[in-house]
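**Q** One structure, pasted below without further comment.
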Amino acid sequence: MKDIYRYLSRCLRAKIRAKRKIKEIAVQLYTVDKGFKQGFLWDVGCLSMDDVRHLLDTLKKVNLVSSSLVIVQLGQDSFADFGVCDMNRWYVGHEERPVIIDVSAGHSAPRTADASVATLHNGLVDLLQARLKATAERGQPFTQIVQWPLGEDVCRTSAYGLFIGYPVVYWYVTEITHENCLSMVPLAVFQAGMKPHGDEAFDPFVSFSVPTALLNQPAVKMALNLWEESVARNNFKCVTFTKVFNTVIM
């Protein structure tokens with residue numbers, strides 16, 4: 001990871017002044033490249049997709065990241081959100097589908113989503129897997145941009161969670177409102193990151209939450225156990241705590 005950080009510091013110092021932001025990019029790319037994380041939603045550094053594509057090409061030329069890293073555009077708009085993933089790992093890495101939690105505003109409390117919602121999200125995963133597999137089979141030498149077409153009715157919060165690879169993903173009905181029923185609900189927050197050295201602060205590269213009332217549901221419990229086993233297997237530090245928010249914005 002340090003090699004990636006040093007290289008990025010040279011490449012990005014003219015565009016990104018904050019060293020912590022460059023470090024965040026380095027950690028995220030490293031964890032995706034090594035398979036510790038399914039995807040990285042690029043929301044740091046104010047770089048365009050073309051900037052990131054050029055950056056990945058330079059990192060690949062000096063063998064700091066795998067040639068199989070690609071950019072995924074989430075939606076059809078050219079100004080849509082985007083992220084980075086390893087196309088080879090992503091299209092074979094979703095045998096265990098995440099648990100979908102329905103947090104629609106009309107509910108009195110969060111609940112596991114019904115089968116129709118799970119089927120919808122399985123279809124979204126299948127679509128991106130197919131597109132990544134087709135890209136891998138073409139074997140282009142430069143970093144590719146893979147479009148993940150998401151309809152207006154797709155909950156973007158869910159799409160982000162699916163892409164990143166959270167074991168538990170939130171969903172809510174977007175046709176009615178973009179509010180949810182998580183306000184004042186106790187949430188168990190799960191974070192994983194590299195073990196800090198010396199006086200370094202713990203800086204997680206992944207963080208997600210689960211309503212505490214659902215922690216003992218069998219599907220949720222199994223998904224979290226698998227995630228925690230993966231964290232332990234890769235020798236990362238895992239932190240969990242409970243928090244209540246007055247308002248949860250997605």
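**Q** Going toward the positive end of the dipole of the range 132-250, with +1 on Lys and Arg Cβ and -1 on Asp and Glu Cβ, which of Val244, Val154, Phe142 do you reach last?
**A** Result: Phe142.
**Q** By how many degrees, 0 to 90 and rounded to 10, does the Cα axis of helix 49-61 deviate from the longest principal axis of the chain?
**A** Taking Cα atoms only, the helix is inclined about 60 degrees.
**Q** Could you list which residues have their amide H under 5 Å from that of Val65, counting only those 5 or more apart in sequence or on another chain, with H placed in the peptide plane?
**A** It is Lys60, by chain and number.
**Q** Using only the Cα atoms, work out Rg/Rh for the chain, with Rh taken as the Kirkwood radius, to two decimals.
**A** A ratio of 0.96.
**Q** Considering only DSSP states other than H, G, I, E and B, which chymotrypsin sites (Phe, Trp or Tyr not before Pro) in the range 108-211 qualify as loop sites with at most 12 other Cβ atoms within 10 Å?
**A** Within the range 108-211, the qualifying chymotrypsin sites (Phe, Trp or Tyr not before Pro) (loop, at most 12 other Cβ atoms within 10 Å) are Phe142, Phe202.
**Q** Only Lys, Arg, Asp and Glu count, each charged at its Cβ (+1, +1, -1, -1), so figure out the dipole size of the range 1-245 about its Cα centre, rounded to 20 debye.
**A** With only Lys, Arg, Asp and Glu charged at Cβ, the dipole is about 1140 debye.
**Q** Grab the Cα-Cα distance for Thr242 and Asp114, subtract it from 0.36 nm times how many residues apart they are, and report the gain in nm with one decimal.
**A** 43.5 nm
**Q** Just the number, please: Stokes-Einstein D of the range 54-162 in µm²/s, Kirkwood Rh from C-alpha pairs, 25 °C, 0.890 mPa s.
**A** D, rounded to a whole number, is 159 µm²/s.
**Q** For the range 1-245, what is the accessible area per residue in Å² when the probe is 1.4 Å?
**A** Computed with neighbouring chains in place, this is 52 Å² per residue.
**Q** Would you pull out the residues with amide H under 5 Å of Asp81's amide H, same chain only if 5 or more places away, H placed 1.01 Å from N?
**A** Leu74
**Q** Remind me, relative contact order of the chain in percent, using alpha carbon pairs under 8 angstrom and six or more residues apart?
**A** It rounds to 19 percent for the chain.
**Q** Quick one: give the max-minus-min coordinate of the C-alpha atoms of the range 184-250 along each principal axis, largest first, in Å.
**A** 36, 28, 18
**Q** If one takes the longest principal axis of the Cα atoms in the chain, at what angle in degrees, from 0 to 90 and to the nearest 10, does the Cα axis of helix 19-33 lie?
**A** 80
**Q** Okay, next question. Taking all protein chains in place and a 1.4 Å probe, what share, in percent, of the accessible surface of the range 102-250 do carbon and sulfur account for?
**A** The value for the range 102-250 is 53 percent carbon and sulfur by accessible area.
The values are calculated or read from the model by the stated rules, or taken from the named source; none is laboratory data. If you're wondering where the values come from, they're calculated on a predicted model, not measured in any experiment. So basically every Cβ, Gly included, is an ideal-geometry build from the backbone, and we count neighbours across all protein chains shown. All accessible areas refer to the heavy atoms of the entire protein, side chains included, with ligands and DNA or RNA removed. Shrake-Rupley method; radii C 1.70, N 1.55, O 1.52, S 1.80 Å.
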